[in-house]
1. Please go through the stretch 43-90 and pick out each residue that is acidic (Asp, Glu) and in contact with a strand residue (DSSP E or B) (Cβ under 6 Å, 6 or more places away or on another chain).
2. Out of everything in the stretch 16-32 that is within 13 Å of the ligand (Cβ to nearest atom) and farther than 19 Å from Leu106 by Cβ, what residue ends up being farthest from the chain's Cα centre (by Cα)?
3. Considering only the stretch 81-103, state which residues are open to solvent by 70 Å² or more (accessible area, probe 1.4 Å) and within 16 Å of the chain's Cα centre (by Cα).
4. Could you look through the stretch 5-28, keep only residues that are open to solvent by 20 Å² or more (accessible area, probe 1.4 Å) and part of a loop (DSSP other than H, G, I, E, B), and pick out the one that is nearest to Leu87 (Cα to Cα)?
5. Report every pair of residues separated by at least 6 positions or lying on different chains whose Cβ atoms are under 6 Å apart, first residue within the stretch 96-119 and within 25 Å of Asn130 (Cβ to Cβ), second of a type in the set (Phe, Trp, Tyr) and within 15 Å of the ligand (Cβ to nearest atom).
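The values are calculated or read from the model by the stated rules, or taken from the named source; none is laboratory data. Owing to the predicted nature of the structure, the values given are computational and were not obtained by experimental measurement. Glycine also receives a Cβ, built like all others from the backbone with ideal geometry; neighbour counts cover every protein chain displayed. Calculation scope for accessible area: heavy atoms of the full protein, side chains included, ligands and nucleic acids excluded. Shrake-Rupley method; radii C 1.70, N 1.55, O 1.52, S 1.80 Å.
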Amino acid sequence: MDHRDHVRLLRDGIGPGQGVWADIGAGWGAFTLALADLLDTDARIIAVDRDTGALEALRRAMQARFPQRVLEVMHADFTQPMALPPLDGIVMANALHFVRDKLPVLAHLRAYLRPGGRLILVEYDTDRGNRWVPYPLTYPAWAALAERAGFAETRLLARAPSSFLGGFYAALSLCPAGPPASMR
Ligand SMILES: C[S@@+](CC[C@H](N)C(=O)[O-])C[C@H]1O[C@@H](n2cnc3c(N)ncnc32)[C@H](O)[C@@H]1O
């Protein structure tokens, strides 16, 4: 995949493209750079990862490709509480598959989103893991899990082929106003 593919995967999920967005498990920033292309010029972008080397590479890539963007980087473990502000959007690409017990992490991420906030998940469309992608989930499994985690209106945005594990999907879910039905 190249930058155009990353942009295409996210494009239909961005909405107004304003406010504060976080790329959770940003790595070297393929999807952070896509966000920089898609979001309003005034939008804030925060890249979160536990790999400081990757965040430094991302900072340099952003400077080279989108010098007008102010990128905030946060060294953090996304399974733990993070010092994030209220978010209008989250991108989580190829990072949730590192988590076996996904529900608590999703509930924790959901709490950072404003009502109506957007979660765009990019994942391999398979439920057969391996040592590099230990706990992937298909789009139907994601749609069911997102609902259990209190997200609403989950829909498929786009797909991209991959020689590794078949292909990716991008899906959008919304954070509804109020607590999830399971917690009322
Ligand atoms: C396969 S890379 C994906 C990077 C990027 N999102 C992409 O799609 O190109 C997964 C990234 O998630 C990060 N990661 C995995 N588990 C994490 C955790 N618990 N907290 C923070 N970062 C994590 C890794 O350090 C790595 O940079």
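1. Within the stretch 43-90, the first condition is being acidic (Asp, Glu), and the residues that meet it are 49, 51, 56, 72, 77, 88.
Listed by number, the residues that qualify are Glu72, Asp88.
2. Trp28
3. First, pick out the residues of the stretch 81-103 that are open to solvent by 70 Å² or more (accessible area, probe 1.4 Å): 81, 83, 86, 98, 100-101.
Pro86, Phe98, listed by residue number.
4. Looking at residues that are open to solvent by 20 Å² or more (accessible area, probe 1.4 Å) and part of a loop (DSSP other than H, G, I, E, B), I get Gly19.
5. So the pair list comes out as His97/Tyr135; Arg100/Tyr135.
The rows are residues; the columns are (1) assigned to a strand (DSSP E or B); (2) open to solvent by 20 Å² or more (accessible area, probe 1.4 Å); (3) under 21 Å from Leu87 (Cβ atoms); (4) among the acidic types (Asp, Glu).
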{"site": "Leu121", "(1), (2), (3), (4)": "yes, no, yes, no"}
{"site": "Arg131", "(1), (2), (3), (4)": "no, yes, no, no"}
{"site": "Trp142", "(1), (2), (3), (4)": "no, no, yes, no"}
{"site": "Leu156", "(1), (2), (3), (4)": "yes, yes, no, no"}
{"site": "Leu165", "(1), (2), (3), (4)": "no, yes, no, no"}
